[in-house]
Amino acid sequence: MFKNEFFMELQKLRESSKNAVAQGNSPNLDYFQEYLHVQREVETHLSECITVCSKSSKAELILVCGNVGDGKSHILSRLNNKLKDDISIFKIHNDATESHNPSETSNDTLNRVLEDFKDDNIKTSNKKLILAINLGTLSKFQEEHESDYTELFDYVKTQKILDADVIYHSKNDSESSFHHVNFTDYHMYSLSSEGPKSIIISTLLERIVANSRENPIFAAYENYIEYFECAEMCPIKYNYEFLMNAENRDIVINLIIQAIVKNKLIVSVRSLLNFFFELIVPINLSWDNLEVYASGINKLKESDYLSSIIPNYLFEHPELSYLFNAISKLDPCRHRYEGLDSTLILLINSDNPKEVFSKNINKKTLEVLSNKISKDNLTREEITKLFIRLKYFQRSEENLKLSNTYYYQFMSLLYDFNNNKKTAIKEIYKLVEESARRWNGDPKKNNRVVINLGKNQLKYRVLKEFSTEPTFVKKTESNDLPITKFLQEFTLSFKLKKSETPYKIHIDYRLYEMLNRILKGYRPNKKDNNNNISFVSLINNFISDGDSNSMLEIDKINIGKPADYMLSIDSFGEYKFQLL
């Protein structure tokens, strides 16, 4: 019987595969893991740190910080091969994989491992330790044992390792016994003047489908299509070949980055590889037994086949993972654009939908699918969805930008903001100030804000003086390309008269989009207020921070005048009410 090596090789991409997890404290990467490895900036920094610290005569602790599945163990395993002499001087402790004494808590284990780095011992110790640790674990350890490790946690605080609001650019200090690399400072993508790019995602995808002798998946694929008689009817074969097209891969990469930005997702390399497996191999197809699989695909209806190919499958399975769920919300069927509706009318009314497809979808795509597209075997909805999604995969980057304006504006502004561009900083502050002023309704006056009185006011509204005072540290402008260490949101601060500490507000993509919609007339509802409590709090702070004796304007709603009445306090503390 023909052995399905194609399936076996693709299985290695799964999170449940033994190939997915490296130990970190040994050079245990196999050929497949080495083949898929992508050199990352964080690996370069860690490599340099290990080399320098290995030559020191004093105690050296290197913290390798991050989140679960972000590649800490994988990189350490690789460096065990690459830096054999330097890294052999270190003991490597991985808090996620190293076994613990059943009678110990994780903090007890860490306390024992870090014994030489306690305040009482560090001056006389020459121990070398690499500690791969998740930030949550580090924070919990600090809560319980900080008094014994004041020098270590002074370093953690100085370097702002646990501060999610700051990217701290530090250099290795040869005088210090403490060093770190933080995987959370690096992202799956980088910022550039042309928009977000991802060397990691693009390289991984390219290697999975590369026509190369080094690629075990492609070698198995060639064997599969040559010897498996039903290969031409196989949706998995179609999906794999679909990703061989660089333009298709670019669209998938664009969707992944959008999903990360718009939903603040933390996507690890491990979860990304699992996503690629599930993208290529539909969940409803069981193909570990080729005889059963061959029988199944021979009986596949046209609609079942089409629902299993990437252009459809990518958007219709939110249950598979948080990444699939986020991408399902980016389904082009949800977002119409100019020129599409007229084509859809032709498609729906056509007796031969193939003709409309052939005029709009490239020939190579239709070669495989044309015999499956007809009104006899597909519903009107299935034909329409397939058309819209195939069309989406052929759209130029310029058209994608036109249909997703806020997203591309946000990414461009984020790039300039992280380069300390004054124009970008002013633009985002202006957006926040103006949208805060209009959050409860447009007062039609620049120096006024509508006060939320609790109960919805149908006849009158009250307006008060409104002003803000941004506070920020001026930094030298740069033109870094690309930016690999950055925050995925804007962090702004405003000075309040009633507080010595500036009020900080974080503007992520979702809030950025809403603030822009407010400037175009959108009025936030109760759900918006609940979802953006920090921004509502900022507005309330602006209002309460103003002069308590300043006059209030009372306006009859929809009368058409800026204000109809004025309520003020005179010099004797008496209220004065007058008709304007």
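Structural remarks
- Rounded to the nearest 20 debye, the dipole magnitude of region 88-190 is 400 debye, with +1 charges on Lys and Arg beta carbons, -1 on Asp and Glu beta carbons, and the Cα centre as origin.
- Top positive-direction residue, dipole computed over the chain with Cβ charges, set Y189, N452, N532: N452
- Counting only Cβ charges, +1 for Lys and Arg and -1 for Asp and Glu, the dipole size of the chain around its Cα centre is about 2100 debye.
- Rolling a 1.4 Å probe over the heavy atoms of the protein chains gives the chain an accessible area of 51 Å² per residue.
- Antiparallel bridge percentage (DSSP; both residues within the chain; nearest 5): 60
- Averaging the Cα positions of each part gives two centres, and for region 321-390 and region 132-197 these lie 47 Å apart.
- Computed over protein heavy atoms with a 1.4 Å probe, the carbon and sulfur contribution to the accessible area of region 379-527 reaches 47%.
- Counting only lysines at least 8 places from K372 when in the same chain, those with an alpha carbon closer than 18 Å to its own are K237, K299, K301, K354, K359, K363, K364, K385, K391.
- Viscosity 0.890 mPa s, 25 °C: Kirkwood-radius Stokes-Einstein D of region 246-396 over Cα pairs, µm²/s: 147
- Each residue of the chain gets 217 Å³ once the volume of the Cα convex hull is shared out per residue.
- The residue among V68, L414, V156 whose Cα reaches farthest toward the positive pole of the charge dipole of the chain, with charges on the beta-carbon of Lys, Arg, Asp and Glu, is L414.
- Put simply, region 298-337 fits an ellipsoid with semi-axes of 21, 14, 6 Å; these come from the alpha carbon gyration tensor as the roots of five times its eigenvalues, largest first.
- Seen from K128, the other residues with C-beta closer than 9 Å to its C-beta sum to a net charge of +1, counting Lys and Arg as +1 and Asp and Glu as -1.
- Summed residue charge, Cβ within 9 Å of K91's Cβ, Lys/Arg positive, Asp/Glu negative: +2
- Region 250-294 and region 421-489: distance between their alpha carbon centers, rounded to Å: 39
- Here the accessible area is traced with a 1.4 Å probe on the protein chains. For region 229-321, carbon and sulfur cover 48 percent of it.
- Rounded to the nearest 500, the 222 nm mean residue ellipticity of the chain from helices alone is -13000 deg cm²/dmol, with -39,500 (n - 2.57) taken per DSSP H run of at least 4 residues.
- Whole-percent pair-distance distribution, where bins are 5 Å wide, for the alpha carbons of region 159-288: 2, 8, 15, 17, 15, 12, 9, 8, 6, 4, 3, 1, 0, 0
- A protection proxy built from the mean count of other Cβ atoms within 10 Å ranks the segments 384-393, 296-305, 480-489, most packed first, as 384-393, 480-489, 296-305.
- Dipole axis of the chain (+1 Lys, Arg; -1 Asp, Glu on Cβ), positive-most option in V368, V42, L347: L347
- Flagged links, alpha-carbon separation over 27 Å, of K140/K527; K430/K485; K197/K421; K262/K426; K401/K526: K140/K527; K401/K526
The values are calculated or read from the model by the stated rules, or taken from the named source; none is laboratory data. Just so it is clear, the structure is predicted and the values come from calculations on it, not from any experiment. Neighbour counts run over all protein chains shown; Cβ positions are idealised from the backbone, glycine included. Accessible surface areas use protein heavy atoms only, side chains included; no ligands, DNA or RNA. Shrake-Rupley method; radii C 1.70, N 1.55, O 1.52, S 1.80 Å.
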